[in-house]
Amino acid sequence: QVQLVESGGGLVQPGGSLRLSCAASGSIFSIRVMGWYRQAPDKQRDLVATITNGGSTTYADSVKGRFTISRDNAKNTVSLQMNSLKPEDTAVYYCNARTGIRGYWGQGTQVTVSS
């Protein structure tokens, strides 16, 4: 089992920045990929960014150049630095960890971009 706890969400004005963090605990040795997903009201949950154990990253086209995912394997954390935020980035952001068998989700953290 893997437990994930997110932090760092909040309200920010358009053009502002936020940093999300996710701490993993439990069977962390089994984690292969960590990432962030988001879900806006009445929409499906979409991928934002992922990072492998080796540091390879992927990003949704909508966040490329604005968001950066990073991972600290020693601290078992994954972070998402979000810059140049837009109102359309408003969503609940979920941390995800994938092992060879299944995926795990955090409880989510709200990000609201509004003036």
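The values are calculated or read from the model by the stated rules, or taken from the named source; none is laboratory data. All values reported here derive from a predicted model rather than from experimental measurement. Cβ placement follows ideal geometry from the backbone for every residue including glycine, while neighbour counts extend to all protein chains displayed. Ligands, DNA and RNA are stripped out before the accessible areas are found, and what is left, the full protein with its side chains, is counted by its heavy atoms. Shrake-Rupley method; radii C 1.70, N 1.55, O 1.52, S 1.80 Å.
On the given criteria, is SER84 of a type in the set (Gly, Ala, Ser), within 15 Å of VAL113 (Cβ to Cβ) and modelled with pLDDT of 95 or more?
Numbers: of a type in the set (Gly, Ala, Ser): yes; within 15 Å of VAL113 (Cβ to Cβ): yes; modelled with pLDDT of 95 or more: yes.
Yes.
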Quick test of your reading of the structure: VAL92 fulfils all but one of (1) part of a strand (DSSP E or B); (2) at pLDDT below 95; (3) of a type in the set (Val, Ile, Thr). Name the failing condition by number. (2)
Close pairs from the stretch 9-23: first in a strand (DSSP E or B), partner among the hydrophobic types (A, V, I, L, M, F, W, C) and open to solvent by 60 Å² or more (accessible area, probe 1.4 Å), Cβ under 8 Å, at least 6 apart: CYS22/VAL5; ALA23/VAL5
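If you go through the stretch 77-89, how many residues are part of a loop (DSSP other than H, G, I, E, B), open to solvent by 50 Å² or more (accessible area, probe 1.4 Å) and farther than 14 Å from TYR59 by Cβ? Working first, answer last.
First, pick out the residues of the stretch 77-89 that are part of a loop (DSSP other than H, G, I, E, B): 83-86.
Imposing the further condition that a residue be open to solvent by 50 Å² or more (accessible area, probe 1.4 Å) reduces the set to 83-84, 86.
Then drop every residue that is not farther than 14 Å from TYR59 by Cβ, which leaves 86.
Residues meeting the conditions: 1.
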For residues that are farther than 20 Å from SER70 by Cβ and among the aliphatic types (A, V, I, L, M), scanning just the stretch 95-113, find the one that is modelled with the lowest pLDDT. ILE101
Restricted to the stretch 95-115, and to residues that are open to solvent by less than 40 Å² (accessible area, probe 1.4 Å) and assigned to a loop (DSSP other than H, G, I, E, B), which residue is nearest to SER30 (Cα to Cα)? THR99
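Please enumerate the residues belonging to the stretch 56-73 that are open to solvent by 40 Å² or more (accessible area, probe 1.4 Å) and farther than 17 Å from LEU4 by Cβ.
Result: SER56, THR57, THR58, TYR59, ASP61, SER62, LYS64, GLY65, THR68.
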Residues satisfying the stated conditions in the stretch 2-55, i.e. β-branched (Val, Ile, Thr) and open to solvent by 50 Å² or more (accessible area, probe 1.4 Å): VAL5, ILE28
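Please determine whether any residue of the stretch 21-35 is over 13 Å from the mean Cα position of the chain (by Cα) and within 10 Å of VAL78 (Cβ to Cβ).
yes
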Of everything in the stretch 25-46 that's among the small types (Gly, Ala, Ser) and modelled with pLDDT under 95, which residue is farthest from LEU4 (Cα to Cα)? SER30
